[in-house]
Each structure stands twice: as C-alpha cells, then as structure tokens.
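Here is the structure we will look at, set down as structure tokens.
Read the figures in this text as sums done on the coordinates, not as results from a lab. For clarity, every value in this text was computed on a predicted model and none was experimentally measured. Counting neighbours? That spans all protein chains shown, and the Cβs are built from the backbone with ideal geometry, glycine included.
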Amino acid sequence: MPAITLTGVAKSYGGGEHAVKNLDLTVPDGAFMCLLGPSGCGKTTTLRMIAGLEQPTAGTIAVGDRVLDSVERGLYVPPEKRGMGLVFQNYALWPHLSVRDNVEFGLRMRKVPAPERRARAEAALKMVHVDAAMDRYPSQLSGGQQQRVALARMLAVNPSVLLLDEPLSNLDARLRLEMRAELKRIHEESGATIVFVTHDQLEALTMATDVAVMNEGELQQVAAPMDMYDRPANRFVAEFVGSPPMVIVDVGPSPAGLAGSLLRFAESRLPECSPAAVGIRPEALRLGPPPGATWCEEAVVEAVLPAGSSWTVRLRVLDTELYAVSYTPVEAAPGDVVTCWTERMHLFGADGARLSAWDGMGAVA
Ligand SMILES: Nc1ncnc2c1ncn2[C@@H]1O[C@H](COP(=O)(O)OP(=O)(O)O)[C@@H](O)[C@H]1O
Ligand SMILES: [Mg+2]
C-alpha cells in the first residue's frame, strides 16, 4: 500500500469555522501514525475524511497515485471502495451474535465463502488473543476482550489501512497498557498502515512511529516520538507532549527574577539567539550540587509529592514556582533551601517557534 497524502485539505461543517485548516500530511506506507491533540482540534474530522465518511471542503486526498478526494475536480470515492478498516471508540458488537459470528459478519457482507470466512475469523481472533472465547457472546466478555473482538472484526477483512479513533479510551488503565502493546505487535506483524487518533500524548509516544500534533485545526508538527519530545517545533507542542508539561518562562525586554536568570544564562551560552521564552522540562530540572558550569539557582522546597516510582517537587525559584520530577528518592523537606540546576533549556521566539536548545555542551537543533 503506498503512502496516504493529504494536500491542502480543509473542512468546515455547514460553512462555519474551519474544523481542519489547510492540512498537508503524508502517512508513509507501513507507518503507525498518531494524530495527537486536544479535544476539538480536528483529529476525528481528519480521520473521517481519510475514510471517506466526510468530504473535504478543499484539497486532495490520495493513496499513491489514486486520488480519493479532489474538491477541485469534483472527485469523491465512497468509503467501501477505499480498502480501509475503521474502529471507533464505541465498538458496538452485535449482542445476539457469538464472538466468531461478529468477526465473520464483515466477511459475510463481502460474500466471502463460508470455509474461508471461518478460517479468517479464527486467524484474526488468534492475533488478538481471544480465540479461546470464540463461542461466547459479547456480554460474557470483559471490556478489553470486546475491544479486541472489534479489532479482530476489522483485521479479518484484512484492510491495508487501519483507521482507529480513540479505540482504547473506554478501557481501564491496565487494559489500555496491554492493548497498546498488542496494537504495536499487530502493526509489526500485519505490515498495515495505521492512523490512530488520540488526545493522550503518552499513548502517542508509546505506540507511534510518527506523531502528528494538531491544534485548532492546524498541523503543528510531524515527527518521530522521541524527536517530538526532544525537539518540539513550538510552544504548543512543547507543552502538550511530555508530562508534567514543560515549564515555559516568558522573558520580557528587561526581565527580573527567574526570567532574568534564565535569559542571562541563555544569552551567555547562545549569544546568537534572542529568545522570548525559555523552557525546562520538569524531569530535566535537578536538585543538588550542579555537576559543572551549568545554570543553577537557589530554590525553596514547597512540597514533595511521591508517586511511587518518581517524586514531584514544587519549588520556589526567585519569583516563580517550578516543578521538578526526580526518579531517585528526594531527601528534601518543605522549607529546605536547595540548589536546582539543569543541563537542557529550550529557547522560543516571539512567534512561539522553537529557536534552539542548549544541552550543557552548546546549541543543539
Ligand atoms: N458533524 C459536525 N458538525 C458540526 N461541527 C462539527 C461536527 N463534527 C465536528 N465538528 C466540530 O469540528 C471541530 C473538530 O472536531 P473533531 O474533528 O471531532 O475534533 P477532535 O476529534 O480532535 O476532538 C470541533 O470544533 C467540532 O465541534
Ligand atoms: Mg475525536
């Protein structure tokens, strides 16, 4: 299956505000692409346009050389002729059909002969590890098993593109974790191209080969998960990806307090940059004696919040409250004065775009 290409795609419902604006996006063949962004940013609309369930108001959608939508040419291919499989958040299995019959249902619709139907349903149920429950009814399954059956129903049809809209959001934390690993395995085994919609940045980072971040209908950045985390394109992505979020301090023309301290340091190391804001990830803010000539300031510990495997510490640094996350036990107690330091700062321009980062050695992209 060749790449899916969206060019200049826009969508407005009933002529109102644009839900998706001028979107240029390529989903490479075999990718596991997550569309990530807050509620209402246009993820579902984008997915439904790829599926053919919504028609764009501008632009072109193509798979390789095959144009599926072209507003200019008045071209539109209906969903059933696109060879794509869809799973939504509400996976709606037929309650009166057994698991096996639910999975065979789509194949029956496509007039696949009975013996082949049976074999393909069994293979798909094996792939999602619910083959042992094949003869049960949906009401006899857990939520996670039902979700897997919905996936199997789609996999049995063997589409080369799977479109998934927040399919794990109804599951509890443990099942969600399990299904993430499962989906990753299915992606690797099937070689299918997956477009997965989520508002959960962790879900995107853990599963995707490529992440596309959207905000208010506009694409912000497309990158591999770790690149997105290390090199966010702008303030929106920097704050949306990573948890707890990056702390971004605005530096005015003559900043005082923490802003002044950060700006003086940034300018001493990266004189060619004049940032409008400086960001530090909480997990990059460290406590204790700094290892060398790095940025450091005295901080007052305001609260220590243990979370099992990590500790979140609320600090007052000069005039500002900051959070630090530590993966080793924190000895400090509220009221203690400690030194905080970092070896990684992100610098942003006045338009919010990321200019550069300093990583203890010098400028990095
Ligand atoms: N059928 C519809 N009619 C009118 N407006 C819609 C419709 N579907 C979505 N929208 C609007 O389009 C915007 C994007 O929605 P959606 O694509 O569902 O976002 P997301 O999936 O990222 O939460 C929102 O402002 C939403 O209210
Ligand atoms: Mg949605």
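Once phi is turned into ³J(HN,Hα) by the Karplus curve 6.51 cos²θ - 1.76 cosθ + 1.60 with θ = phi - 60°, what whole-Hz value does each residue of segment 268-284 show in order, with x for glycine and proline? Using θ = phi - 60°, the values come out as 6, 8, 10, x, 6, 9, 10, x, 9, 7, 10, x, 9, 6, x, 7, 9 Hz. Legend: calculated FRET efficiency, residue 353 to residue 169, from the Cβ-Cβ distance at R0 = 30 Å, rounded to 0.05, equals 0.45. Here residue 339 and residue 72 are evaluated by their C-beta separation; at R0 = 41 Å the FRET efficiency comes out at 0.10. Helical runs assigned H by DSSP (4 residues or longer) give the chain a calculated mean residue ellipticity at 222 nm of -8000 deg cm²/dmol, each run adding -39500 (n - 2.57) before division by the residue total. Based on C-alpha pairs under 8 angstrom that are at least 6 apart in sequence, segment 97-172 has a relative contact order of 41 percent. Considering only 115, 197, 62, the residue lying farthest towards the positive end of the dipole of the chain is 115, judged by Cα position with unit charges set on Cβ. For segment 242-365, what does the relative contact order come out to in percent, with C-alpha contacts under 8 Å and a separation of six or more? Relative contact order of segment 242-365: 28 percent. The C-alpha atoms of the chain define a longest principal axis, and helix 143-156 lies at about 60 degrees to it. Global dimensions of the chain from alpha-carbon coordinates: Rg and Dmax equal 24.5, 76 Å.
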